[in-house]
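In what follows, a structure is listed as structure tokens, so that the remarks can point back to it.
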Amino acid sequence: MSTCSADLAPLLGANGTQAAALICSQFAATTSAVDTTYLLFSAYLVFAMQLGFAMLCAGSVRAKNTMNIMLTNVLDAAAGGLFYYLFGYAFAFGVPSNSFIGHRFFALRSFPSADADYSFFLYQWAFAIAAAGITSGSIAERTQFVAYLIYSSFLTGFVYPVVSHWVWSADGWASASNLGNLLFHSGVIDFAGSGVVHMVGGIAGLWGALIEGPRIGRFDHAGRMVTLRGHSASLVVLGTFLLWFGWYGFNPGSFLKIAVPYTSTIHGQWSAVGRTAVTTTLAGCTAALTTLFGKRILVGHWNVLDVCNGLLGGFAAITSGCSVVDPWAAIICGFVAAIVLISCNKLAEKLKLDDPLEAAQLHGGCGAWGIIFTALFARETYVSQVYGGNSDRPYGLFMGGGGRLLGAHLVLILAIIGWVSATMGPLFFGLHKLGLLRISAEDEMAGMDLTRHGGFAYVYHDEDSHSGGASNGFMIKPAPSPPPPANSV
Amino acid sequence: MSTCSADLAPLLGANGTQAAALICSQFAATTSAVDTTYLLFSAYLVFAMQLGFAMLCAGSVRAKNTMNIMLTNVLDAAAGGLFYYLFGYAFAFGVPSNSFIGHRFFALRSFPSADADYSFFLYQWAFAIAAAGITSGSIAERTQFVAYLIYSSFLTGFVYPVVSHWVWSADGWASASNLGNLLFHSGVIDFAGSGVVHMVGGIAGLWGALIEGPRIGRFDHAGRMVTLRGHSASLVVLGTFLLWFGWYGFNPGSFLKIAVPYTSTIHGQWSAVGRTAVTTTLAGCTAALTTLFGKRILVGHWNVLDVCNGLLGGFAAITSGCSVVDPWAAIICGFVAAIVLISCNKLAEKLKLDDPLEAAQLHGGCGAWGIIFTALFARETYVSQVYGGNSDRPYGLFMGGGGRLLGAHLVLILAIIGWVSATMGPLFFGLHKLGLLRISAEDEMAGMDLTRHGGFAYVYHDEDSHSGGASNGFMIKPAPSPPPPANSV
Amino acid sequence: MASSMETSVVEAINGLFLLSSAYLVFMMQLGFAMLCAGSVRAKNTMNIMLSNVIDAVVGSLSYYLFGFALAFGSPSNPFIGTKSFALESGSIDYSYFLYQWAFAIAVAGITSGSIAERTQFGAYLVYSFWLTGFVYPVVAHWVWSSDGWLNTAYGGGGGGGPLLGSGAIDFAGSGVVHLVGGVAGLWGSVIEGPRVGRFDAFGGVVPMRGHNATLVVLGTFLLWFGWFGFNPGSFITIMGNVTGVARTALTTTLAGSTAGLVTLFGKRILVGHWDALDVCNGLIGGFVAITSGCAVVDLWASVVCGFVAALVLICLNILALKFQYDDPLEAAQLHGGCGAWGVLFTGLFAKEEFVLQAYGSKGSETRPYGVIMGGGWQLLGSQIIEILVIVAWVSVTMGPLFFLLHKLRMLRISRDEEVAGLDVSHHGGYAYQAHHDDEEPRFYADYVRMQMNSNS
């Protein structure tokens, strides 16, 4: 705000300096209030994604494992909250620091600083638990609860924060705001985290799923895939819509501030925020429609679960470039994301990778595509508005901005794959060797809710009634009917 | 804003007064727009808690009573809206008034006043219906619907508003902003209502549950407790996350305004709002983890429902002190809250109190602990920033602030217990004597949905299908099997 | 310098308000999905949820490509907008687009309820694209675009002013959104005919209960939550409208609450039990009705509005059964009937002070306001005209579309498929999987016992 005083003071005559200081401090207060309101509500929306993950996961697993997966989702948020507070935030945003890892503000000591406020911490915490939420989908239905606690703390407290330090902290080696020392004179534009959040979560999940192996019954003796359907499509749709809702905090919220005027245009950051919300919407919608028709052709029926996954794939892809591309480019992004997702699923089937929520394919595959997409379609005006800095900043290859941005982005993809593999791979492997990772075959058959969590999630048949049929919510008439054929899709 | 004009006018030279008036009225407009946006969206979040309660309650009762409990939750919001509009708000915030009860703005006549706008009313309404929502959990599964309507109107329209007048209205005898006449020269710091909302709801529920007695089958002939499991853990988790989401409106929203600069620091109220959100999060997370491990040791399995309750207990406890404690203190708050909750549950089992949602233990017990906690850990800087006033305002005992705050808080706890017992106790007892409170034993066995609400909530078995079992989503195995033995965990 | 900072702060606040409101309105789509899912039978759940997701998805693209341009592409003629297709234009206010998009997909969501449980999926795709991309935007243009012939700021009517010197006051769209969706649903449902088994051989009504009341309540609360974006958000800017925005939120709450309570007691008298689902529908009916006048009526008037809305809904439901009209979600009765009442209500109870605040005065002359408040008949006249033209327009556009689909046999599924359920015939399986597929025990105690047995 010092520029405000300096600009204003000469215009106000005699007591100009004092008057300017007074006026400008008022502006500063109002601006901070607006920005904080914006950031906090965005953080709440991102937090709502955790609810979305919980419902999506719950609906996508079999009823016998519902309690287990929901417990892991609740604990992601709870344990993540503590570990991110104690370590994670310090590793990620403890500036000044080196370009690899931060080392200040452990347990928020001597916080808030002049640059960062509690609202920023809350926003970043919501991101961190989202990364852990992604991974939990990949290893669902067969993982010991203790393993879950360990990897979740490690991922939220260390692996994810380091990556976010690289890209989003001003000191990071890949950061686009590390002005003195930009990677390839460009830095990486991963605006809201296709790489930082989604790829990290997806690759961690990939290693977990690979090391654990598929669920019992997932592949038959001939090696063909057997569909293990989730128990409730309603919960899946509920979760998907909640994730969509939360994504409006995830992508547009990543601006962190809304009351920022742009010098070149009358439309300031508030307009860019709106555009980001629009690109996000369009990418998801296109991906959903593409998946709908693609699956209709491949499988022969209209499937709401595929549409939901397609939608999320489109969102995961646009997350990287949402703020720097045009709406029409978002449609391309969504279209390709759907194809990437379908291909990744085919590939996973070939490789006998069993990922109950397709999390590795969806967040890993579409996330990687999203980073590449940004390097192809980022528009010059938007890049300079959002990231500022020198005027010859590279932008999208197809928009005429040269290949330096693409180079930086490929480096980031490799770095993320390398880092996550080097940290989470050994962790999962170690747990596997210690016998802490996978539950026993009997437990898996019986369902974890029964063996580990005290009972099933649903009790529709009342056990305490003596009146049999009358109190039975479901069986109006006795149903001595044969079991339906196994679902054959 | 008059101070703004007074400060600015002399500095602006010739037409100073007019110029200052113009500038300052613009500031006032901007500030009020920010504050209203903030308060309204906080109110919407608090309203989302009603949805959270509905889902939590629905999932925690047996399937045969689902319609009943959901209807009560919907009506809490609807009837609460009307009664709070007609009477409640006037009793609570009808200033100027005496220190016990307000008496202006019935049916919002001659509203809005200079101090309060519709957004404030809406926010307070959302709080009022939350209090009624808490109580509904305690008396679930055995209460006549008419009794529910009566107590809900009485609680929202009279009992709760009087308590909120005491603590939150500037005239109240316990208010921290009743500057001329502070209780113990301190007043009570119940920032967002651990006492005003949660204890009121919890104690009302306690009396209801005591007078009605336990559900049939809750205690066996030997007096041992039998678990009556809720019918859907997914709904419980959904409700818990929604409550968590809503709590971000409940606690940080209680600042009412966000664009308030503090004189002593560059971080104004927007930073305090962020800190409040962080303390809220940490307290809940710690309580959830403590409950998880505590229950693991006590019961032997990992239980998601306990974790959910622990989480809510932590939130209920931190609600009182959220704005005036440090993040590390919030962790202590959550830790103790979990222990309080587990102890209260043990006690309830001993006393044969049957509270289907543990609402009395959770909101009453943890709420009381929260009020005490604030008196122990409130930090001087934060108290003076948030509550202003004289510089020798007492603060937390453990922070070196002396015992006066603790004294005031103990008085408040006793006053709330006394008042709620003196109003709700006789009401429930009167309904009991008139035979309007509890449903008949036959109705209870058959389930209220069937006998009172026209049918069960779930119809998975289609009555119009000719293909019998094939279209039946749930009954895979032929059903005429004996009910399984009652679960004894 | 100071003025540009001023602009920046003001624009940021308004943008923040509008975007947040748009997100809330978007939540209504989730609310519709859950409400619909809970209100149909288990065998059709996947179908109805898919159609709700597709509403949002198809609606977004068609609204992006055509709808927004047809509705708000100014400058344009009084009937239809003609600019900024696919947002190709110099200065688009993206927040405003997003807010209007959320409204547009809500319309299609309303209609999908009316034709649930018996419609081919392809028909959804077609009507959804058509409704969101053309039918609804034209109505929105009439009423909400400053060029529209029903708009209060329209300058081309008789005497160079708006229609009847007043223009229609449909603040958040009882007519534009709800009546359009409801009438479209009415035609769809009438042309398709009732579900198999809905009416027995003697014309008696067979109740067809939805499969999950919890989802209905969840959906209702989410709609309520979203309505806080729908009505107060329609101010578009919060700067200078602080009290108005908050009052709108309050009238909305009171109207819905009253309607819910009236329905509760009304149904208790008529049917004899307390029904949560009726209360949910009553609540929504109250919200639909107040949507038109929410910003321009007093608090007590909103209570009146909710009271009448509940009666309208109950009467229409009785009437629908008489005519053997089958609407699984009561969407036509609820959104059509209560929506029309809401538009009329505004013509009766609009208060002068609030009308001037929300719509501004026309120079020195004052605006017409509610009849009962002494404001003359012009406003009520405009409101009646709005209702009539909306009914007519939607009928001439959606009616033939549904009829054509019907003739091409693309509208209704076959009887066998309907009886078997859409999920198994079109969507690859049921929404719910059995919860004990391969195990006998159900509780921890059973498991412990099982283990002890196997050990011994």
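We did not get these values from a lab; they are worked out from the coordinates using the rules stated. Computed from a predicted model, the values in this text were never measured in an experiment. Heads up, the Cβs are rebuilt from the backbone with ideal geometry, glycines too, and the neighbour counts pull from every protein chain shown.
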Aspartates and glutamates near A:Lys352 by alpha-carbon distance under 20 Å, same-chain residues fewer than 8 away left out - which ones? A:Glu141, A:Glu212, A:Asp220, A:Asp306, A:Glu444
Treating the protein assembly as shown as a set of equal point scatterers at the Cα positions, no solvent, please give the Debye-formula log₁₀ I(q)/I(0) at q = 0.04, 0.09 Å⁻¹. -0.21, -1.26
Sorted largest first, the C-alpha extents of the stretch A:34-146 along its principal axes in whole angstrom are 50, 32, 21
Quote the FRET efficiency, to the nearest 0.05, computed for C:Arg415 versus B:Ser113 with a Förster distance R0 of 56 Å and r equal to the Cβ-Cβ distance. 0.30
For A:Lys346, place a label point 7 Å from Cα along the Cα-to-Cβ direction in every copy; what are the distances to the other copies, in nm, shortest first? 6.1
Shielding by other protein chains, A:142-154, mean Cβ within 10 Å: 1
Expressed as a whole number, the average count of other chain Cβ atoms within 10 Å around the Cβ atoms of C:293-299 is 1
With a cut-off of at most 15 other beta carbons within 10 Å, and DSSP calling the residue loop, which trypsin sites (Lys or Arg not before Pro) in the stretch B:51-145 qualify? Please list them. B:Arg109
Computed from every Cα-Cα pair in the stretch C:112-233, P(r) in 5 Å bins starting at 0 and rounded to whole percents is 2, 9, 12, 14, 16, 15, 11, 8, 5, 4, 2, 0
Measuring from centroid to centroid over Cα atoms, what is the spacing of the stretch B:182-197 and the stretch C:161-226 in Å? 48
Quick one: helix B:327-350 against the long Cα principal axis of chain B, what's the angle to the nearest 10°, folded into 0 to 90? 30
Inter-copy label distances at A:Asp443 (7 Å, Cα→Cβ; nm, one decimal): 4.6
Only helical DSSP H runs with n ≥ 4 go in: add -39500 (n - 2.57) per run for the protein assembly as shown, normalise by residue count and round the 222 nm mean residue ellipticity to 500 deg cm²/dmol. -19500 deg cm²/dmol
Which whole number gives the average count of other chain Cβ atoms within 10 Å of the Cβ atoms across peptide B:281-287? 6
Based on the Cα atoms of chain A, what semi-axes does the equivalent ellipsoid have, where each is the square root of 5 times one gyration tensor eigenvalue, given in whole Å with the largest first? 43, 24, 23
Cys in chain A lacking any partner Cβ under 4.7 Å -> A:Cys57, A:Cys285, A:Cys308, A:Cys322, A:Cys333, A:Cys344, A:Cys366
For the stretch B:76-227, list log₁₀ I(q)/I(0) at each q in 0.10, 0.14, 0.15, 0.16 Å⁻¹, using the Debye formula over Cα point scatterers of equal strength and ignoring solvent, two decimals each. -0.40, -0.69, -0.77, -0.85
Straight-line reach from B:Lys350: which lysines fall under 29 Å, measuring Cα to Cα and dropping same-chain residues less than 8 apart? B:Lys64, B:Lys295, B:Lys433
To the nearest 10 degrees, how steeply does helix C:299-322 sit against the main Cα axis of chain C, on a 0 to 90 scale? 50
Taking a point 7 Å out from Cα toward Cβ as the label site, list the nm distances between B:Gly430 and the same residue in every other copy, smallest first. 6.6
Using alpha carbons only, how many degrees (0 to 90, rounded to 10) separate the axis of helix B:145-154 from the longest principal axis of chain B? 10
Taking other Cβ within 10 Å of each residue's Cβ, how do B:Val196, A:Val420 sort, fewest first? A:Val420, B:Val196
Please report the spacing between the Cα centers of the stretch C:317-396 and the stretch A:270-318 in Å, no decimals. 37
